[in-house]
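Notes for the one structure printed next.
The values are calculated or read from the model by the stated rules, or taken from the named source; none is laboratory data. Remember, predicted model here, so these are calculated numbers, not experimental data. Here the Cβ positions follow ideal geometry from the backbone for every residue, glycine too, while neighbour counts run over all protein chains shown.
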């Protein structure tokens, strides 16, 4: 359990780039017409960046944060993210446990990345290749910060659900967010129990 807890703390301390990704890309509105995956990401990013670049952002920080998080909530395929994060442990959960975990994990992610909003410092987005395979899609992008001279390759994985492209995983420089959480959660369950994992997530979400 100690090992899993240490990994959990280490991951929580390395969330800045993922926070930037969530801030820039996973905000937006639901559009009436059908969109390509790249269009979906681009339109959402423009919406969120407008909020972040508002000179009054710091004066209405909490209001802006709540608005962005509410938008993010609508853009992610939460059941799919939760299922992939728990891996084979998902099959062992009851229907009620699955529903509870989805809600719990949602709170954890939203809190984790909401805390990163103030770290946004003018990053720009460069859109790359898009690949669609049935109801699944991969969109490659790059986040560039000219002031810091840094850049990161970001790959989005989306699933078409009821004619809407929803994100179920994000990889930064080859590191998958879902895989990271899955490794940590599996380690905690293996060394302790699923109940202990739930307890830890609740504590981190407060």
For residue 76, indicate whether it is within 18 Å of the chain's Cα centre (by Cα) and at pLDDT 80 or above. yes
Does region 171-187 contain at least one residue that is in contact with a helix residue (DSSP H, G or I) (Cβ under 8 Å, 6 or more places away or on another chain), on the phi < 0 side of the Ramachandran plot and outside any helix (DSSP H, G or I)? yes
Take the residues in region 84-96 that are in a helix (DSSP H, G or I) and without any contact (Cβ under 8 Å) to a residue 12 or more places away in the chain; name whichever of them is surrounded by the most Cβ atoms within 10 Å (Cβ to Cβ). 90
Restricting to region 35-75, name every residue that is closer than 19 Å to residue 136 by Cα, touching a strand residue (DSSP E or B) at 6+ places or on another chain (Cβ under 7 Å) and surrounded by 19 or more Cβ atoms within 10 Å (Cβ to Cβ). 37, 38, 40, 41, 75
Restricting region 138-172 to residues that are exposed (fewer than 15 other Cβ atoms within 10 Å of the Cβ) and within 22 Å of residue 82 (Cα to Cα), the residue that is modelled with the highest pLDDT: 161
A careful count of residues in region 59-79 that are touching a residue at least 12 places away in the same chain (Cβ under 8 Å) and part of a loop (DSSP other than H, G, I, E, B) gives 1
All positions within region 135-177 that are in contact with a strand residue (DSSP E or B) (Cβ under 8 Å, 6 or more places away or on another chain) and free of Cβ contacts under 8 Å to residues at least 12 places away in the same chain: 150, 151, 176
